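Colleague: Input: one structure, supplied below.
The values are calculated or read from the model by the stated rules, or taken from the named source; none is laboratory data. Since the structure is predicted, the reported quantities are computational estimates derived from the model, not experimental observations. Note: ideal-geometry Cβ built from the backbone for every residue, glycine included; neighbour counts use all protein chains shown. With ligands, DNA and RNA removed, areas are computed over all heavy atoms of the protein, side chains included. Shrake-Rupley method; radii C 1.70, N 1.55, O 1.52, S 1.80 Å.
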Protein chains: 2
Amino acid sequence: MKPQSALYKDSLLNNVIPFWEKHSLDIENGGYFTCLDSKGKVYDTDKFMWLQGRQAWMFASLYNQVEQKEKWLQIAKSGVDFIRDKGMDAHGNVYFSLTADGKPLVQPYNIFSDCFAAMAFGQYALAANDIKYKDLAKKTYLNILKRRDNPKGLYEKTTSQRPLKSFALPMILSNLVLELEDILKPEEVEQTIDFSIKEVMEVFLDKKSGIIYEFVKPDGSLEDSFNGRLLNPGHGIEAMWFMIDIALRRKDKELIHKAVKTIINILDYSWDHEFGGILYFMDSKGQPPQQLEWDQKLWWVHLETLVALAKAYEQIQDPEIAQWYTKVHDYSWRHFADPENGEWYGYLNRRGEVLLDLKGGKWKGCFHVPRAMLQCWRAFEKMENNNIINT
Amino acid sequence: MKPQSALYKDSLLNNVIPFWEKHSLDIENGGYFTCLDSKGKVYDTDKFMWLQGRQAWMFASLYNQVEQKEKWLQIAKSGVDFIRDKGMDAHGNVYFSLTADGKPLVQPYNIFSDCFAAMAFGQYALAANDIKYKDLAKKTYLNILKRRDNPKGLYEKTTSQRPLKSFALPMILSNLVLELEDILKPEEVEQTIDFSIKEVMEVFLDKKSGIIYEFVKPDGSLEDSFNGRLLNPGHGIEAMWFMIDIALRRKDKELIHKAVKTIINILDYSWDHEFGGILYFMDSKGQPPQQLEWDQKLWWVHLETLVALAKAYEQIQDPEIAQWYTKVHDYSWRHFADPENGEWYGYLNRRGEVLLDLKGGKWKGCFHVPRAMLQCWRAFEKMENNNIINT
């Protein structure tokens, strides 16, 4: 492994963050534009609430973890104020999307917007030492817990005939609970961590194949249906670095080894040997997946894999991890990065050609790229300081 | 133009229909399996109700229009019985999907399953001279009309903030009302035809560009949003052959010319000059569409275009139509057809390579391929008989 903390630090501070600072701020209404073309021009002004939460969280995190820049705090404030003032219905549920000036467009039909709002409120409360946002973070978290058994509520279209549980819930909870650690009671934190580890590593991680499934039956067994066969390699790998973080917190070496093994298993399974890169969706039985975009290469999948492999190598200096890191690093930086205009492209076709030349849209905002840059910067910095990597 | 009725007739009767007869019938439960791999093997047994309706309709149509084969009638009966007995909730709404043995999986969250059920009931009633299915077709149609202003009902996630109306509704009604002509009152038929022509040709057909939009504001104007900018070229072209059929029925030459012009406009706009074929989705302002599958080539888009161009040329012998027909014909038969295993592939990537090697799935069943074969067979037969095409 080569030293790379400088690459990630420089890219975060001089390429990625300036892109969002320059192009995404809605000075008039507060909050952020996320639909930005390759050069940063706004091509749609609708506001997708989980991206609002993610960007506010990101800037508050930069303030808390990198430098206490007043500008970053103000950018974060603009987002959390917008979510609080415009983005929540009378019951405290977070809408899916709003117009630029804050009129609700799509109802709160899931709890993911709420999760990112809670993370943003929590991180901003810490940055600004704001008790009101601390309370709102807690309130939003409790509302998520209330809705967790039926996250889509009235909008749930599936019957109770053949219930499946979704990997997304324990995965996001494992991240959310660490984010809100200062706000929640210690026993609440430990209990949710226990739940997440068990669900992720014992239920959704399939013993036989060693990879993560997106949906399982309530008893944990596999179902032979479109959703039951679905694999989302990037999702599984992202969850593994959440598990490594949890394992470090708990000093659980066994969990670290299990998570690292799972990262390698998923990469072996999902790497595209023909064109390089990690496939977006797969079917565990090799049947045609229902997702037509299954063979595309997505930015977040590759960035989360870089974070996972950097954290893995920091713990276990196995050449197999280093080889995978190099392979994914070379593919990602060659195909996704845009040194000229800033940020990364998001969507490539199977051959690695840019499919949509946007830097932000309905599902891509200021989140995976800067978060991964920050995580990789810090992981490499530690490895370089501890002589795990020779500088 | 070359004579091609024999090609389409032979392909329909010796390649496509045998595929579905051999592989799709669920002898045990009734209804059809639609998830079939390239050779016809069932890879998933769930039943998607609009595909059940479409296949029942197709076999009843073959019985009514091609040959009164007892086998075809029985296949159609198996489908309509399954829909009637298992596929409808207490209010007569048609579920989206069921298990193989008929347990509801996904609620009736839209009216499209109902539209194809009504078409199947009507066509089967005609084939079997069955008054009960005639009544059920009518009842289902009236229920669709009742739901048309809010087709998603409780499952509608958008607020009333920025309402858009959808092209799919007038388009499907224009087809449905002709299907149910024997069942409905004449004034009901004429009224719905009037509504459809007006909506399709004056509201969704944009005067400036000459192409069809998927969504417009209630006042008919265009909206600058993801849905407001959305173009679905195949959808527009398919609707144009419905319009030609209606125009012939009404002896409306002006409508024929307008529909044919629109077909050419859409083809000029959406043909992929780099790799050939018609793009699946486009953004009217050239912005990145939210559909990641936008650049794929889909079977139904190309088949409906062949039908539209054959019908257009039957009416107007313009060399431009013949050139487009030849271009789309050559692309389609070279890339989608599978003379060896039967049926057509459904999903190609932008380069025309098979992306999913299924013959049927959640959204592809026994419908577009055989319907287009039958329509093209008949259109070419007429042109050959009338010396529009020299045999």
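Colleague: Might you check whether a residue that is surrounded by fewer than 16 Cβ atoms within 10 Å (Cβ to Cβ) and of a type in the set (V, I, T) occurs anywhere in segment A:325-336?
Modeller: Yes, segment A:325-336 contains at least one residue that is surrounded by fewer than 16 Cβ atoms within 10 Å (Cβ to Cβ) and of a type in the set (V, I, T).
Colleague: Step by step: first the residues of segment B:259-282, then only those that are open to solvent by less than 10 Å² (accessible area, probe 1.4 Å) and within 27 Å of A:W363 (Cα to Cα), then the one that is nearest to the other protein chains (Cβ to nearest Cβ). Which residue is that?
Modeller: Per the criteria, the residue is B:D272.
Colleague: With the condition kept exactly as written, say whether any residue in segment B:237-244 is within 14 Å of another protein chain (Cβ to nearest Cβ) and either closer than 23 Å to B:K285 by Cβ or surrounded by 16 or more Cβ atoms within 10 Å (Cβ to Cβ) (or both).
Modeller: Checked segment B:237-244: no residue is within 14 Å of another protein chain (Cβ to nearest Cβ) and either closer than 23 Å to B:K285 by Cβ or surrounded by 16 or more Cβ atoms within 10 Å (Cβ to Cβ) (or both).
Colleague: Of all residues in segment A:187-231, which are under 20 Å from A:I263 (Cβ atoms), more than 14 Å from chain B (Cβ to nearest Cβ) and out of contact with any helix residue (DSSP H, G or I) (no Cβ under 9 Å at 6 or more places or on another chain)?
Modeller: Within segment A:187-231, A:E202, A:D206, A:K207, A:K208 meet the criteria.
Colleague: Right, another one. If I filter segment A:141-150 down to residues being within 22 Å of the chain's Cα centre (by Cα) and among the basic types (K, R), which single residue comes out as surrounded by the most Cβ atoms within 10 Å (Cβ to Cβ)?
Modeller: Only one residue tops the list, namely A:R147.
Colleague: Please state which one of B:W20, B:W57, B:W50 is in the same structural domain as B:F367 (by TED's automatic domain parsing), within 23 Å of B:K362 (Cβ to Cβ) and either among the β-branched types (V, I, T) or in contact (Cβ under 8 Å) with a residue 12 or more places away in the chain (or both).
Modeller: Only one candidate passes the filter, namely B:W20.
Colleague: Looking at (1) within 14 Å of chain B (Cβ to nearest Cβ); (2) over 19 Å from the mean Cα position of the chain (by Cα); (3) outside any loop (DSSP other than H, G, I, E, B); (4) of a type outside the set (S, T, N, Q), which is the one condition that is false for A:A322?
Modeller: (1)
Colleague: Are there any strands (runs of 3 or more DSSP E) wholly within segment A:1-112 with 1 or more residues that are open to solvent by less than 20 Å² (accessible area, probe 1.4 Å) and charged (D, E, K, R), and if so which?
Modeller: Passing ranges, in order: A:42-44.
Colleague: For residues that are within 14 Å of another protein chain (Cβ to nearest Cβ) and either open to solvent by 50 Å² or more (accessible area, probe 1.4 Å) or outside any helix (DSSP H, G or I) (or both), tally how many sit in segment A:151-186.
Modeller: Going through segment A:151-186 one residue at a time, the tally reaches 12.
Colleague: Residue check: is A:D101 within 12 Å of another protein chain (Cβ to nearest Cβ), over 17 Å from A:G365 (Cα atoms) and of a type in the set (D, E)?
Modeller: The answer is yes for A:D101.
Colleague: Consider B:V94 against the criteria (1) β-branched (V, I, T); (2) away from chain A (no Cβ under 14 Å); (3) within 21 Å of the chain's Cα centre (by Cα): it satisfies all of them except one. Which criterion is unmet?
Modeller: It fails just one condition, (2).
Colleague: Please pick out the residue among A:P3, A:P18 that is closer than 30 Å to A:L355 by Cα and of a type outside the set (V, I, T).
Modeller: So the residue among A:P3, A:P18 that is closer than 30 Å to A:L355 by Cα and of a type outside the set (V, I, T) is A:P18.
Colleague: Which count do you get for residues in segment B:16-30 that are more than 20 Å from the chain's Cα centre (by Cα) and of a type outside the set (K, R)?
Modeller: Within segment B:16-30, residues that are more than 20 Å from the chain's Cα centre (by Cα) and of a type outside the set (K, R) number 9.
Colleague: Moving on to the next point. Could you check, for segment A:109-116, whether at least one of its residues is away from chain B (no Cβ under 14 Å), in contact with a strand residue (DSSP E or B) (Cβ under 6 Å, 6 or more places away or on another chain) and farther than 23 Å from A:Q65 by Cβ?
Modeller: yes
Colleague: Let me ask something else. Within the group A:Q315, A:Q290, which residue is out of contact with any strand residue (DSSP E or B) (no Cβ under 7 Å at 6 or more places or on another chain) and more than 13 Å from chain B (Cβ to nearest Cβ)?
Modeller: A:Q315
Colleague: Would it be correct to say that B:K285 is within 14 Å of another protein chain (Cβ to nearest Cβ), open to solvent by less than 40 Å² (accessible area, probe 1.4 Å) and in contact (Cβ under 8 Å) with a residue 24 or more places away in the chain?
Modeller: no
Colleague: Can you tell me which residues in segment B:353-391 are in contact with a Lys or Arg (Cβ under 6 Å, 6 or more places away or on another chain) and over 21 Å from B:A6 (Cβ atoms)?
Modeller: Scanning segment B:353-391 gives B:G365, B:F367.
Colleague: Select from segment B:40-84 the residues that are away from every other protein chain (no Cβ under 14 Å) and in contact with a Lys or Arg (Cβ under 7 Å, 6 or more places away or on another chain) and write down the one among them that is farthest from B:K22 (Cα to Cα).
Modeller: B:Y63
Colleague: Closer than 23 Å to B:V301 by Cβ, open to solvent by less than 10 Å² (accessible area, probe 1.4 Å) and out of contact with any helix residue (DSSP H, G or I) (no Cβ under 9 Å at 6 or more places or on another chain): does that describe B:G234?
Modeller: Answer is no for this residue.
Colleague: Condition first: open to solvent by less than 10 Å² (accessible area, probe 1.4 Å) and within 14 Å of chain B (Cβ to nearest Cβ). Now tell me which residues in segment A:293-310 satisfy that.
Modeller: A:Q296, A:K297, A:L298, A:W299, A:V301
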